[in-house]
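Engineer: I am attaching a structure below and will ask some questions about it afterwards.
Read-outs: derived from the displayed coordinates by stated rules, not from any lab. Keep in mind that what you see is a predicted model, and the values were worked out from it rather than measured. Positions of Cβ are backbone-derived with ideal geometry, glycine not excepted, and every protein chain shown enters the neighbour counts.
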Amino acid sequence: MNTMKVWLVTGAGRGLGTHIVRAALDAGHRVVATGRRPARIEQVFGEHDDLLVARLDITRPAEAETAVAAAVERFGRVDVLVNNAADSYPGYFEEIPPERMRAQIESTLMGPMNVTRAVLPYMRRERGGHIITISSIDGLAGLEFCAAYATAKFGVEGWMESLRFDIEPFGIRTTIVNPGLFRTELLSEPSTTWPESSIEDYAGRTATMLPAWRLKNGRQAGDPAKLAASLIRIAEAAEPPLRWIVGDDALATAEAKARQLLAQVEASRASGSGLNHAPPSDESRVRPSTPTGPGAGSRHDEPTATGIGATATADPSPYPPTGHPPPQPSDPGVKPPEQGIQQ
Ligand SMILES: NC(=O)c1ccc[n+]([C@@H]2O[C@H](COP(=O)([O-])OP(=O)(O)OC[C@H]3O[C@@H](n4cnc5c(N)ncnc54)[C@H](OP(=O)(O)O)[C@@H]3O)[C@@H](O)[C@H]2O)c1
């Protein structure tokens, strides 16, 4: 069986992206390595039959479309998209100017959306594919001095968790990756734009935080080459995970967050439950006041399959907890591939 896939990786010129490209090529896959500086990527990898280098600043939707079209022209399809590129604007919220907060969201949340939007029509045409987005452990748990980065990564989480339901019926899988600290260039300029202290109340803490973060640079425990090699194996699995938490630090933080969330559920149960409208009286059940229309007959406090209006005890997922829905060949919303790309 031919297991060769076509990968498209963003931010391939340095850091984790470079390792992912190399690991994918080593595993026999074809790779479209993209970045803002294609010359740099060519310099890193040289000539390779299975490699296409394409310019892609992920904040530019037109460049995403061009890069994906070039990938399809060269290799016929894109099987695996790795939304890897991102940057970081640390600092205390009040000291992060709105334009930096916007820049963080543009690169780290809107960027992966731009590339995914460009890839999905082709994946739908193929009735298959895999969207992998590198989030962060900061996408699961907030962190002091990281309000902007965590905002964007939490956004990635909500988007990816919801996107899953949109595209699984087309056979397209999703995986969120939550790394802890890995030794890349993320904590160095230009990946990180360090803040300027402007508010006296924060000055002491900023003065402590800045050197502490700078000190971590180059000393991160995680090896990005090992992460990349494992990522390839994860993606090759018949049932890739919805979430993959990587690094001992990330695993510990995720576990603590999960326990904290459960404790918060318990602490909220008494005061947070019993807040529904009173059930309709017998008389109004016999004569409904809103007889027809979308949503008629449903109550907003009833559990639903998609989680909207779901109660705390309802499983919001219509699929088994470990993964993906069974194949749906007769799904009326799924059109056959020969109908071409659906925009
Ligand atoms: N390293 C960690 O400890 C860690 C932890 C958790 C999550 N992550 C996540 O892992 C992913 C990879 O980061 P990394 O650690 O490899 O960081 P990195 O070494 O700083 O590399 C970042 C890459 O993203 C690219 N990039 C930034 N903005 C871009 C844009 N607008 N368009 C296209 N490319 C852009 C950079 O390209 P240029 O060369 O053009 O700047 C670079 O190739 C990110 O999503 C990051 O948030 C990393």
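Engineer: Could you list which residues have their amide H under 5 Å from that of Ala54, counting only those 5 or more apart in sequence or on another chain, with H placed in the peptide plane?
Structural biologist: Ala33, Thr34, Gly35
Engineer: Along Cα→Cβ, 7 Å out, is where each label goes; now give me the distance between the ones at Lys226 and Glu99 in nm to one decimal.
Structural biologist: A separation of 4.2 nm, rounded to one decimal place.
Engineer: Show which aspartates and glutamates lie in cross-link reach of Lys226 when reach means a straight Cα distance below 19 angstrom and same-chain residues fewer than eight apart are skipped.
Structural biologist: Once the sequence-local aspartates and glutamates are set aside, what remains near Lys226 is Asp26, Glu185, Glu236, Asp248, Asp249.
Engineer: I need the calculated FRET efficiency for the pair His277 and Arg117, taking r as the beta carbon distance and R₀ as 35 Å, to the nearest 0.05.
Structural biologist: Details: r = 39 Å, r/R0 = 1.11.
E between His277 and Arg117, to the nearest 0.05, is 0.35.
Engineer: Another one. So, R0 is 22 Å and r is the distance between the beta-carbons of Leu143 and Ala263; what FRET efficiency does that work out to, to 0.05? Numbers along the way, then the final one.
Structural biologist: Details: r = 19 Å, r/R0 = 0.87.
Once rounded, the FRET efficiency stands at 0.70.
Engineer: Please state the relative contact order of the range 117-205 as a whole percent: Cα pairs under 8 Å, 6+ residues apart?
Structural biologist: Working: 81 pairs, mean separation 30.4, N = 89.
Averaging sequence separation for qualifying contacts and normalising by length gives 34 percent for the range 117-205.
Engineer: Residue by residue through the range 102-111, what is 3J(HN,Hα) from phi via Karplus (6.51 cos²θ - 1.76 cosθ + 1.60, θ = phi - 60°)? Round to whole Hz and write x for glycine and proline.
Structural biologist: 5, 4, 4, 6, 4, 6, 9, 10, 5, x
Engineer: Under a plain spin-label model, where a point goes 7 Å from the Cα along Cα-to-Cβ, how far apart in nm are Ala212 and Ala238?
Structural biologist: 4.7
Engineer: Considering only DSSP states other than H, G, I, E and B, which GluC sites (Glu not before Pro) in the range 147-225 qualify as loop sites with at most 11 other Cβ atoms within 10 Å? List each step's numbers first, then the result.
Structural biologist: Numbers: sites: Glu157, Glu161, Glu185, Glu196, Glu200; in loops: Glu185, Glu196.
Answer by residue number: Glu196.
Engineer: Between the DSSP loop rule and a limit of at most 13 other Cβ atoms within 10 Å, which trypsin sites (Lys or Arg not before Pro) in the range 117-221 are left? Show your work: numbers first, answer last.
Structural biologist: Numbers: sites: Arg117, Arg124, Arg125, Arg127, Lys153, Arg164, Arg173, Arg183, Arg205, Arg214, Lys216, Arg219; in loops: Arg127, Arg183, Arg219.
Here the trypsin sites (Lys or Arg not before Pro) that fit, given the DSSP loop and packing criteria, are Arg219.
Engineer: For a quick check of your reading of the filter: which GluC sites (Glu not before Pro) in the range 1-100 sit in a DSSP loop and have no more than 10 other Cβ atoms within 10 Å?
Structural biologist: On the way: sites: Glu42, Glu47, Glu63, Glu65, Glu73, Glu94, Glu95, Glu99; in loops: Glu47.
Passing sites in the range 1-100 are Glu47.
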